[in-house]
Amino acid sequence: MAGRRVNVNVGVLGHIDSGKTALARALSTTASTAAFDKQPQSRERGITLDLGFSCFVVPLPGGEPGTGDWLLQVTLVDCPGHASLIRTIIGGAQIIDLMMLVIDVTKGMQTQSAECLVIGQIACQKLVVVLNKIDLLAQGKRQAAIDKMTKKMQKTLENTKFRGAPIISVAAKPGGPEAPETEAPQGISELIEVVKKVKSMQMFHTPVTYAIQGDRLGICVTQFDPKLLERGLVCTPESLHTIHAALISVEKIPYFRGPLQTKAKFHITVGHETVMGRMLFFSLAPDSFDLEPVLDSFDLSREYLFQEQYLCKDSTLVATDGGNEGDGKVGQAPEGRCPQQQWALVEFEKPVTCPRLCLVIGSRLDADIHANTCRLAFHGVLLQGLEDKNYTESFLPALRVYKLKHKHGLVERVMDDYSVIGRSLFKKETNIQLFVGLKVQLSTGEQGIIDSAFGQSGKFKIYIPGGLSPESKKILTPTLKKRGRAGRGEAAKQEEGTERPEPTQPVTLSLSFKRYIFDTQKRMVQSP
């Protein structure tokens, strides 16, 4: 069919054996060298192992008068359905404009069907559900079964962005894979009409003088041994960068069970590569939780609060380190509030090549593929890639992610109107000199400054610039109390009448400060 063409990429996704390749074959008029499981390995195993490409061409719907020579070329991207090939599925989903989710009408939603639906919510804007294998339903009960499965799928899509998506029933290969080619597919023309109605897709002309992401492009290279070519990336100069780590925005996929924890490793998919990456999560301080998200840049001039895990409404915010030596302590998120935006530093186990602002998907692909759980954990946008392999020294010190640390102790006694002795804030072996000059708060209201160590047992002297108030001095003034007990013997009787000082009530101390986790000097910082 001659004419100028507008191309749209349609992904064919679904659980293994739902009939995706048979559907692509029934729809297509032209196949590429990678279509319909032509690879020997695919034929040997009887499953799709890589992306397959084929197409069909129809008149462009809704064309203006005088544009009758424009055609709509639908490129079908046939994705594998086996759980172990999720990397290939995610890669295929990133080049599609519309997803056809293929469901075996006799089985309904299956594990990889659900994962493909999650991928679709992240990677594309349009969905068509295809109920395949209707020929396997009993003739007398066929329509009732189709109606029942249609309602189930409508309910499944209710809480997704694909609510109200078209649901079409077909028989792509009546009789199954081994059946003769005598019986025509059912429902294919109706499906093509649905695909033709999709508008506002990425468009480009063929033949082309340039190509963009998602194009199926053939390049003729003379005097070249194809065995020397590995799968890679074609790009304009300087448009892609090889990075060792990245700052990304993060949004947890609600179907993923379990927390997203700092220091945990995930399979990170960027572009068409999937590598292991270690995560570190952070957000703005709680008083800035409601700021609107910024999805196209990262502000290095701001300070960010370290998190032990991604913060959800039912999780806790790790903002403090408690105990005398800063042991981790989990604090409840204030009033169940969550930040509008959260970020992560991802450190890759090996470098990856990808563009800025590309889609990032984190998965747990080492999970049991037979378990009925979603392995897709989070998605986000790559905001800044770190190209220097020595980024820990050259870049990370500029990333101001801090931990809030809190320590608590007691006032042991008063030295004079402007000085007290504190204890139980540090261990005996702590170098108190590192804390000299930091402010502490007394429970009586005064603010003091750590002045020096006092002795060798972890005690310290606190200078109080404004002096102790009369009320505080009264509280800290010891009372005299007898310690003797009746009936304790002669030695005890001799001790009766001896007295020791005791505060009228304990006065506590609190020390709070920030420690920036990438500060090479490990300085402690307090707000003015």
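Quick notes
- Listed residue pairs exceeding 29 Å between alpha carbons, taken from 405/461; 263/428; 350/405: 263/428; 350/405
- The residues packed around residue 374, meaning those with a beta-carbon under 13 Å from its beta-carbon, carry a net charge of +2 if Lys and Arg are +1 and Asp and Glu are -1.
- Three principal axis extents of the stretch 229-305 based on alpha-carbon atoms, in descending order, are 53, 32, 21 Å.
- Charged-residue dipole, Cβ positions (Lys, Arg, Asp, Glu), the stretch 334-465 about Cα centre, Debye nearest 20: 180
- The residues 267, 406, when put in order of fewest to most other Cβ atoms within 10 Å, stand as 406, 267.
- Fewest-first ranking of 255, 304, using other Cβ atoms within 10 Å as the exposure measure: 255, 304
- Remark: spin-label model distance residue 257-residue 406 equals 3.4 nm, labels positioned 7 Å along the Cα→Cβ axis.
- Ranked packing of 348-360, 377-389, most packed first, by mean Cβ within 10 Å: 377-389, 348-360
- Estimated distance in nm for a label pair at residue 350 and residue 148, the labels positioned 7 Å out from Cα along Cα-to-Cβ: 4.9
- Cβ crowding within 10 Å, taken as a proxy for footprinting-reagent exposure, orders 520, 274 from fewest neighbours to most as 520, 274.
- Total formal charge among the other residues, if their Cβ is under 13 angstrom from that of residue 446, Lys/Arg +1 and Asp/Glu -1: 0
- Local charge for residue 398 was computed over the other residues whose Cβ lies under 14 Å away, with Lys and Arg +1 and Asp and Glu -1, and equals -3.
Every number in this text was worked out from the coordinates using simple rules, so none of it is lab data. Bear in mind that the values here come from a model prediction, so they are computed numbers and not experimental data. Cβ atoms come from the backbone with ideal geometry, glycine included; neighbour counts cover every protein chain shown.
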